[in-house]
2 protein chains.
Amino acid sequence: MHAVAAPHLSAAPAHRVARTVVTVTDAGGRPVPDAEVAVAQSRHAFEFGNIAFDLIPLANGEGEVRDVGFGGASAHLERLADLWLDVFNIGTLPFYWRTFEPERGAPDTARLLQTARWLAERGVTVKGHPLVWHTLTPSWLDDVPLDKLASVIRSRIVREVTDFAGVIDTWDAINEVVIMPVFEAEPNAVTRLAAREGQIAMVKLAFETAREANPNATLLLNDFNMSPAYERLIEECLEAGVQIDALGLQSHMHQGYWGEEKTLDALERFSRFGLPLHLTETTLLSGHLMPPEIVDLNDYQIPEWPSTPEGEARQADEVERHYRTLFGHPAVQASTYWGLTDDGAWLGAPGGLVRADGTPKPAYDALRRLVKEEWWTPETVVRTDAEGRFTLEGFLGDYAVTGAAGAASVALAPDGGAVEARLG
Amino acid sequence: MHAVAAPHLSAAPAHRVARTVVTVTDAGGRPVPDAEVAVAQSRHAFEFGNIAFDLIPLANGEGEVRDVGFGGASAHLERLADLWLDVFNIGTLPFYWRTFEPERGAPDTARLLQTARWLAERGVTVKGHPLVWHTLTPSWLDDVPLDKLASVIRSRIVREVTDFAGVIDTWDAINEVVIMPVFEAEPNAVTRLAAREGQIAMVKLAFETAREANPNATLLLNDFNMSPAYERLIEECLEAGVQIDALGLQSHMHQGYWGEEKTLDALERFSRFGLPLHLTETTLLSGHLMPPEIVDLNDYQIPEWPSTPEGEARQADEVERHYRTLFGHPAVQASTYWGLTDDGAWLGAPGGLVRADGTPKPAYDALRRLVKEEWWTPETVVRTDAEGRFTLEGFLGDYAVTGAAGAASVALAPDGGAVEARLG
């Protein structure tokens, strides 16, 4: 039986590859023996993500760029879209309450829905971020009496999760709960509620409401706090019966690359819950680092933060090392980079994979090489055997099988069960 | 029956005054009729406190001033001691672990004990601050394995509480627990333990250990967080069976006087637990205010922070208003100002009641006038009746009764029960 196999498979992490028998059939379900088919990977099972804020104006055919909090590139939008779509298969859209519903009752639903559909049509999974957070709340929320606040939050969750169901089925249900009840940098209604009700009640509010609105949703708990305080929160949530689908670990590294040891330590500690890990917000800089004494990254505001040649070389090295560590750990299911371009980047930091002028940095090339070359099963032509079968060995994900009778898509999953490619 | 009564009693808060019958007796316990006695208040029941860090070198006869974290005046020590002792009846001593035991096993016990005794001899109640806190931990603590840390903290608590029992029987058992598990400004072992074990376990560790070491101690939970998050912590501690003797509310007002409304709101919210309230750390500035965007007061470091005439007038007004609010609320049992002098003040802020040159600011005079005049029962000579009795009406506290046969001290307590002044 002829086989398709990626040349680097032996060096790949065992949990990222599989081997299965594919039976090629015709439209009537009859095996197609002794036929040549082209087999091409079309998608990674691993979720390589990025924020897709930059793509909102393009998806909506808008001439101007509107504020979504941050992450709105001002130029080269089509080129950015090409670079984005070439590497990433999951995009995060901004549901910051302040920018999504600056005026009560007038949410930005249509524009975000159009963007989500635009992404979905291009094979991108779409994720919403976040449903509940204490930062970037709208000013009108401060006027809601504390006793009504949970109900207003619940309505917002139901509205977004329902309006986007089927297009966005993955949500950061609640963000940064570890610090939520004591967050002081920006007085806000969500913190006041969290201080009164406690962390677990806030997590329940977010998860139970979102789950009821979309039982199929993948719901994440997301935090930047990598200390045992987050582990403890997760424990308490699980004990309280909250159904968490994945754990979100932010990884903004404005103050320097964590290195393999610290990264692996975090992955080990958070994998003990048996839940998939999503590295939700990765930043690595191609310029000078933020000083270590800054505690809240938002406190560091400088007029110019240039990307430098030395910084770009370092960033490329660190991006490659970071993604190797994540891809190498079986608990990691997704890794979302926090911004494609330096143009409009969060904090003005040169954390993009693309320069403000739209040209790719070495880090972009390094990541693309991993995602689309080293960890990508190359397209091959194979001949089916007398029973119409061939063996597919490759990176987990989706594959297009194309023969004279047409094309089919098959999924290569870790269980390795036999699959059928019914051409048509 | 002749009576002693302060002239301002009718204007005084009802919960701060009492009326009782005093029977003057001789050394054998026989009433002394128709005799003149002088009656003088010697002490307030209300605890007017200040930190006494400045007095350590004086109490120890030291020529030089050693670092105790902050609060070490460099000159005018005797004058400062006079000013201190004229107004305050409870003094807080610094037990910051980093400065108290910079080298493991070599605590600064003798020097602090000498200071505590020096204060006690002068009629001052002494309080220790704090037994457990995440800030100002010694660097050697970082080398203690996490599994041994609770035991090391327990030993430290037992040592201090035992060594000082009888001289210091009031402790901030644990400080700033609301933020303890997520405190990031200074990575430290206590936060790591709190993140793992949770807030309630940390409170229990502090209170149960200190209680066992000194069952007579008054133990405080102390925090700067005045939000519902602190209320919630208190609720959870009480539900978990922690015996809290008083609630400490810090009130550093470097960013501006709270005003009566906010102060009363906090007093109302925290008085619902039925526990005495101690305003533990009050600061009001006589210079420019710290900008409102600073979240951690420690982040604001400037080379010069002068006391100004306008600032001193404002501070005097605010000190008077603040103390009136506290004295006027029945739940408040103590109010500790955070530093006598600007010399060596925390953050270099002009929050002292005395200028760096040792001269009192208007705020000192205002506070002294309240404590020793408006709220002080003036000395009076009264004649006992045929049964040796007189009526004492005045501010709660201790009184000296002096007659031809000698002197006695009586306490004027809220219950107003009859008391005996046995001269001798």
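Values in this text are rule-based calculations from the coordinates and carry no lab data. None of the values given here were measured: they were computed from a predicted structure. Cβ: placed from backbone, ideal geometry, glycine included. Neighbour counts: every protein chain shown.
Quick rundown of the values:
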item	result
For residues of A:189-198, the mean tally of beta carbons on other chains within 10 Å	3
Selected from A:A411, A:V190, A:W258, residue furthest toward positive end of dipole (chain A; charges at beta carbon)	A:A411
Added length on full extension, which subtracts the Cα-Cα distance from 0.36 nm per residue, B:A413 to B:R122	102.6 nm
Estimated FRET transfer efficiency when R0 is 22 angstrom, pair A:T162-A:W140 (beta carbons, to 0.05)	0.55
Segment B:V381-B:E393, length gained on full extension (0.36 nm per residue, minus Cα span)	3.0 nm
Other-copy label distances relative to A:N216, 7 angstrom Cα-Cβ extension, nm	7.2
Low-density loop cleavage sites - GluC sites (Glu not before Pro) in segment B:259-300, where at most 14 other Cβ are within 10 Å (DSSP)	B:E293
Calculated log₁₀ intensity ratio I(q)/I(0) where the Debye formula runs over C-alpha points of segment B:193-299, q = 0.14 Å⁻¹	-0.65
Cβ-derived FRET efficiency at R0 25 Å, A:E235 paired with A:K262, nearest 0.05	0.70
Ascending list, in nanometres, of distances separating the A:I302 label from those of the other copies (7 Å, Cα toward Cβ)	2.4
Cα-Cα over 30 Å, subset of A:K127/B:K262; A:K127/A:K372; A:K204/A:K372	A:K127/B:K262; A:K204/A:K372
D_trans [Stokes-Einstein, Kirkwood Rh over alpha-carbon pairs] for segment B:174-254, 37 °C, 0.692 mPa s, µm² s⁻¹	249 µm²/s
Point-charge dipole on Cβ atoms (K/R +1, D/E -1) for segment B:47-374, about Cα centre, debye to 20	640 debye
Residue among A:H278, B:A356, B:L370 farthest towards the positive dipole end of the protein assembly as shown, charges placed on Cβ	A:H278
Cα-centre dipole for segment A:252-328 with unit charges at Cβ (Lys and Arg positive, Asp and Glu negative), debye to 20	360 debye
Paramagnetic reach from B:S155 in segment B:203-217 [backbone N under 20 Å; point 7 Å along Cα→Cβ]	B:205-214
Among A:N60, A:A38, A:V158 - extreme Cα towards positive end, dipole of chain A, charges at beta-carbon	A:A38
Antiparallel bridges, percent of DSSP beta bridges restricted to the protein assembly as shown (to nearest 5)	35 percent
Pair-distance profile P(r), taking every C-alpha pair of chain B, with 10 angstrom steps and integer %	4, 21, 29, 26, 13, 5, 1, 0
Difference of contour (0.36 nm per residue) and Cα-Cα distance, B:N298 to B:D34	88.8 nm
Antiparallel bridges, percent of DSSP beta bridges restricted to segment B:120-233 (to nearest 5)	0 percent
Approximate spin-label separation B:D357-A:I200, in nm, with each point projected 7 Å along Cα-to-Cβ	6.0 nm
Neighbour net charge for A:D142 - beta-carbon separation under 13 angstrom, K R +1, D E -1	+2
Scattering profile of segment B:93-170 at q = 0.15, 0.17, 0.19 Å⁻¹ [log10 I(q)/I(0), Debye over alpha-carbon scatterers]	-0.52, -0.65, -0.79
Cα-Cα pairs of segment A:12-81 separated by more than 17 Å (percent)	66 percent
Test item: A:315-322 mean partner chain Cβ contacts at 10 Å	0
For segment A:108-152 versus segment B:112-168, the gap between their alpha-carbon centres in whole angstrom	49 Å
Cα→Cβ-extended label distance, 7 Å offset, between A:S271 and B:R79, nm	6.8 nm
Kirkwood Rh, angstrom, the protein assembly as shown [1 / mean 1/r, Cα pairs]	31.3 Å
Exercise: per-residue mean of other protein chain Cβ atoms within 10 Å, A:227-236	5
Principal axis dimensions, largest first and in whole angstrom, of segment B:1-136 by Cα	63, 36, 30
In segment B:64-150, GluC sites (Glu not before Pro) in a DSSP loop with at most 13 other beta-carbon atoms within 10 Å	B:E64, B:E103
Binned Cα-Cα distances of segment A:100-145, short to long, each 10 Å bin given as a whole percent	22, 43, 26, 9, 0
Inter-probe distance in nm under a simple model that places probes 7 Å from Cα toward Cβ, at A:R324 and A:A110	5.0 nm
Nm distances between copies for B:G166, ranked from closest, using label points 7 Å along Cα→Cβ	8.1
Size of charge dipole - the protein assembly as shown - debye, nearest 20, with Cβ of Lys, Arg +1 and Asp, Glu -1, no other charges	1260 debye
